Structure formats: C-alpha cells, structure tokens
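Beneath this line is the structure, given in structure tokens, with notes to follow.
The values are calculated or read from the model by the stated rules, or taken from the named source; none is laboratory data. If you're wondering where the values come from, they're calculated on a predicted model, not measured in any experiment. Glycine also receives a Cβ, built like all others from the backbone with ideal geometry; neighbour counts cover every protein chain displayed. When the accessible area is computed, the model is the full protein with side chains, heavy atoms only, and any ligands, DNA or RNA have been set aside. Shrake-Rupley method; radii C 1.70, N 1.55, O 1.52, S 1.80 Å.
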Amino acid sequence: MFKYLNPRRFYHAVGKKNFWEFIVLAAFLLFFYGPLLNMFMLAFADIYESPAVIPQEWGLKWWDFVLQQKSLRSSIVQSYMVAIITTICSMVLCIPAAYSIARFKFPGRKLFMLSFLLTNAFPKLGIYTSIAILFYRYNLMGSLPGVVIIHMINSMMFMVWLPASAFRSVHRQQEEAARDVGAGPIRTFFKVTLPMATPGIAVATLYTFLGSMEEAQGTMLVGLARIKTMPVEMYGIILDYPGQAGAVFSILLLIPSIVLIFAMRKYIGPEAIAGGFKMK
C-alpha cells in the first residue's frame with residue numbers, strides 16, 4: 001500500500017483519467033469540508049497558534065466561556081423559541097392553504113402559488129425595510145410577534161408548495177374509498193389524506209425550522225436588538241470575541257440542523273423536494 005504514496009507510481013497505477021478524477025474529488029472535499037474541519041478544531045482547541053496545522057492543546061475551555069456568557073445563552077433560548085413558534089404558526093396557516101391549492105381549481109391559482117415566490121425573488125433587505133414601515137405603525141418593531149411574522153414570510157413558499165405537492169400525490173380514489181365506508185370529510189382528512197401527505201409536510205417543516213434558525217437580517221432589523229437570536233448574536237461574536245468562541249457558537253447553531261436532518265432522513269429525497277416546486 002505504501003508504494004502508492006509516490007505520486008508517480010500512483011499515477012501509473014490508477015491511469016490518467018482516474019488520476020485526474022481523484023485530484024478533482026480531493027480538491028472538492030478539501031474545499032467543502034476544510035472549513036468545517038477547521039471550525040471543529042478551533043472549537044475544541046485550548047491553544048491553537050499559527051503556523052501549527054493542528055491545535056497544540058485540546059480542551060473545552062471555549063465551550064465553558066460561551067456557555068457562561070448570559071447574552072449568548074439567551075440568544076440560544078430565543079432562537080429555539082422563535083423557530084418553534086414560527087414552525088407551528090406556519091403549519092396552522094399554510095397547510096390548509098396547501099390543501100386548497102391541491103384539491104380545488106380556481107381562477108388565478110397558479111398566480112397565487114407564484115406569489116409565495118416573490119419574497120425569495122427580490123433582495124430581502126428591501127422587503128424588510130418596507131415591512132418595517134408597516135410594523136412601526138402597528139407597534140410590531142422590537143417585538144416577538146414581529147420577528148415571527150418575518151420568519152413566516154420567508155418560509156411560506158416551502159410550507160405551501162411542498163405540502164401542496166404532497167396532497168396532490170394522494171389519489172382521490174383513496175379518499176372516496178374512506179367516504180364509502182362511512183368516514184366523514186374531517187375523519188377522511190385526518191385518517192387518510194394527512195398521513196399519506198406526511199412526508200412532504202415533514203420536509204416543509206424541516207425547511208421552515210432550519211430557515212428560522214438561520215434568519216438574521218430580518219430579525220436584526222425588526223427585533224431592534226431586543227430579540228437576539230443566534231445568527232444575530234454571531235455578528236457580535238465575530239467582532240467582540242476570539243475565533244474559538246465563534247467556532248463553538250457555530251457548532252451550537254449547526255447541531256439542530258444535523259439532528260433534524262438525521263431524524264427526517266427517510267423523508268428527505270429529490271422526489272419530495274423537486275415535486276414540491278411543480279405548479280400543476
């Protein structure tokens with residue numbers, strides 16, 4: 001095995017084409033995973049000084065430092081609170097809309113679906129500035145409801161398009177079969193339609209929660225420094241704290257994403273995602 005450590009021997013062993021494919025793959029892996037690896041090393045390094053490639057001393061000093069900061073602990077709690085409220089409110093409002101789009105034909109239906117794309121089709125800072133003018137009028141600036149509304153606006157496209165596709169995949173014959181054996185409309189929905197559409201709804205819920213966890217611009221503008229989530233606090237960490245503290249905070253922000261993606265891995269697939277962006 002060690003003889004292939006010589007680049008010339010490795011080149012002749014694998015062939016010209018495979019050699020360059022290997023180089024491209026290695027460059028991609030280094031480009032993609034290099035920053036993540038460096039972040040993890042920073043987070044668990046007590047002493048990490050250049051030009052060393054790996055930390056001189058490992059430990060949890062910076063984890064203790066971050067968790068002892070009251071403002072950082074508060075931002076973690078607020079991030080989860082805002083994300084959970086946003087996800088629940090989005091499901092309550094958007095799932096009925098998605099079902100209506102999937103089951104009923106009405107004039108302007110496709111235009112209505114396209115309208116949910118508008119919040120993601122333009123620079124968000126301009127949209128947030130326009131919304132802030134209305135929020136000042138209704139005393140929503142610097143409030144939790146105002147921040148939740150901003151997060152919901154960003155997630156409505158996913159929470160409508162993906163569940164609508166999931167509801168369209170449920171054949172009417174299955175619902176009619178349930179009705180034929182005596183189930184009413186509500187029972188048919190909760191016993192037949194909703195369970196079969198659960199994978200698409202789960203993907204939309206995942207996108208909504210993760211999108212809320214990482215939203216920063218709107219939270220910063222509407223929250224007025226009263227509602228500080230983890231992405232907002234990251235700006236201050238970059239300016240006021242060492243790089244190791246920023247790496248720890250980045251991992252804390254990354255953990256819910258990894259947990260949720262792992263928990264919903266059987267629902268996440270190209271079919272569920274791509275199907276949600278087809279307007280039929």
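Restricting LEU140, LEU162 to those that are touching a helix residue (DSSP H, G or I) at 6+ places or on another chain (Cβ under 8 Å) and not in a helix (DSSP H, G or I) reduces the list to LEU140.
From the list ILE238, ILE150, the lone residue that is surrounded by fewer than 17 Cβ atoms within 10 Å (Cβ to Cβ), assigned to a helix (DSSP H, G or I) and either out of contact with any Pro (no Cβ under 8 Å at 6 or more places or on another chain) or at pLDDT 85 or above (or both) is ILE238.
Please determine whether any residue of the range 55-76 is part of a helix (DSSP H, G or I), closer than 28 Å to GLY218 by Cβ, modelled with pLDDT of 85 or more and open to solvent by 40 Å² or more (accessible area, probe 1.4 Å). Looking through the range 55-76, at least one residue is part of a helix (DSSP H, G or I), closer than 28 Å to GLY218 by Cβ, modelled with pLDDT of 85 or more and open to solvent by 40 Å² or more (accessible area, probe 1.4 Å). Which residue is farthest from the chain's Cα centre (by Cα), if the candidates are limited to the range 242-258 and must be open to solvent by 20 Å² or more (accessible area, probe 1.4 Å) and touching a residue at least 24 places away in the same chain (Cβ under 8 Å)? Going through the qualifying residues, I end up with PRO242.
The residues in the range 77-113 that are open to solvent by 70 Å² or more (accessible area, probe 1.4 Å) and of a type in the set (A, V, I, L, M, F, W, C) can be counted, and the count is 10. For the range 121-142, a residue qualifies if it is surrounded by 14 or more Cβ atoms within 10 Å (Cβ to Cβ) and under 17 Å from MET157 (Cα atoms), and the qualifying residues are LYS124, ILE127, TYR128.
Those helices (runs of 4 or more DSSP H) of the range 168-224 in which at least 2 residues are open to solvent by less than 50 Å² (accessible area, probe 1.4 Å) and free of Cβ contacts under 8 Å to residues at least 24 places away in the same chain, considering only elements entirely within it, cover 172-180.
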